[in-house]
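> Got a structure for you, written out below as structure tokens; questions coming shortly.
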Amino acid sequence: MAIVTQSTSQISPANERVYHQSNLLGEWKGNWAGNNQAVGFKVVNIRGTRAQVEYTHNGHTERGFGKVDGATISFGSVTIGTKNGKNAALVFSAGGGQASASLEKQAPPASESRLIGSWGGYSADNNKSASFRVVSITGNEALVTTTIDGITRQGTGIVYKNVVMFGQTQISTDDGKNGKVIFQVGTKSFQVPVTKLPPSDTSSSVDRTA
């Protein structure tokens, strides 16, 4: 399982491949189809079959935990689902009545761009080094390259706020200059403090794969 901090998500790689559950993460806003009243739904994180959510309607916000079922999240009388991570359908069903709303994903905070770049560091506590390169971020996906214990991997990671998760490894930063990489080797987890490296000439170093 991925090593996560309190504010990050823990999405099963198998579920992500099938349902793209990371598409649900973030803040959604829209209007009910019937009365055009504003409605909002925020998915803070997903951990297995539980999602921490905030549901805003009629001027007040309910916070709690919803149930994750495939590509949908149910919270009380409402269920939200999205296919593309940009538009979502919200359905309210109670007492035989039903209402629906169309929601749009709100733009992610600018802080995500702080993750872009090359990071590296070493921990004297566990004698581990780590490097994590975030090449680009598109929506909630990041093109990354990691080197842990001398093994380099590249692929697509999941982005949420100030965290990128990739396989058994994640990086987080609060200020865009200093951060930490947490990774798992076997049954043990390790943490390495990292700093953003100065930008270099990327004209020949960017590995562009189809």
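> Heavy atoms only, probe 1.4 Å: what % of the accessible area of segment 16-141 goes to carbon and sulfur, would you let me know? Intermediate values should be presented prior to the final figure.
Working: 3150 of 6790 Å².
Ligands and nucleic acids excluded, carbon and sulfur give 46 percent.
> Now a separate question. What list of ³J(HN,Hα) values in whole Hz, one per residue of segment 116-130 in order, does the Karplus curve 6.51 cos²θ - 1.76 cosθ + 1.60 (θ = phi - 60°) give from phi, with Gly and Pro shown as x?
Per-residue couplings from phi come out as 5, x, 9, 10, x, x, 9, 10, 6, 5, 10, 6, 10, 10, 8 Hz.
> Which FRET efficiency value, to the nearest 0.05, is calculated for Ser93 and Asn35 with the Förster distance at 22 angstrom and r the Cβ-Cβ distance?
For Ser93 and Asn35, the calculated efficiency is 0.85.
> While we're here: Report, in listed order, any pair from Lys83/Lys105; Lys67/Lys180; Lys67/Lys188; Lys29/Lys161; Lys42/Lys86; Lys128/Lys161 with a Cα-Cα distance greater than 23 Å.
Lys67/Lys180; Lys67/Lys188; Lys128/Lys161
> Here is a further query. Calculate one ³J(HN,Hα) per residue across segment 88-104 by plugging θ = phi - 60° into the Karplus curve 6.51 cos²θ - 1.76 cosθ + 1.60, and present them in order as whole Hz with x for glycine and proline.
Karplus values, whole Hz, x for Gly and Pro: 9, 10, 10, 10, 9, 9, 7, x, x, x, 8, 9, 9, 9, 9, 10, 10.
> Once the convex hull of the C-alpha atoms of segment 40-84 is built, how many Å³ does it hold per residue, rounded to a whole number?
About 73 Å³ per residue, rounded to a whole number.
> In square nanometres, what is the average projected area of the Cα convex hull of segment 1-142?
For segment 1-142, averaging the hull's shadow over all directions gives 10.3 nm².
> Specify, per residue and in Å³, the volume enclosed by the convex hull of the alpha carbon atoms belonging to segment 150-194.
Spread over its residues, the Cα hull of segment 150-194 gives 89 Å³ apiece.
> Within segment 1-90, which trypsin sites (Lys or Arg not before Pro) sit in a loop by DSSP and count at most 13 neighbouring Cβ atoms inside 10 Å?
Lys83, Lys86
> So what are the three principal axis dimensions of segment 4-78 from its Cα atoms, in whole Å, longest to shortest?
Principal extents (largest minus smallest coordinate, Cα): 39, 25, 18 Å.
> Accessible area per residue, 1.4 Å probe, Å², for the chain: what's the number?
Values: 11640 Å² over 210 residues.
That works out to 55 Å² per residue.
> Please report the projected area of segment 47-126's Cα convex hull averaged over all directions, in nm².
9.0
> Moving on to the next point. Considering only Ser172, Ser131, Ser93, give the residue with the highest GNM mean-square fluctuation for the chain, with springs between Cα atoms whenever their separation is below 10 Å.
Checking each option, the largest mean-square fluctuation is seen for Ser93.
> In a Gaussian network model over the chain where Cα atoms closer than 10 Å are linked, find which of Lys196, Lys105, Lys128 has the largest mean-square fluctuation.
Result: Lys128 has the largest fluctuation of those listed.
The values are calculated or read from the model by the stated rules, or taken from the named source; none is laboratory data. Fair warning: this is a prediction, and the values are worked out from it, not measured in the lab. Because the Cβ atoms are built from the backbone with ideal geometry, glycine has one as well, and the counts that use them run over all protein chains shown. Accessible surface is based on the protein model in full, side chains and every heavy atom, while ligands, DNA and RNA are left aside. Shrake-Rupley method; radii C 1.70, N 1.55, O 1.52, S 1.80 Å.
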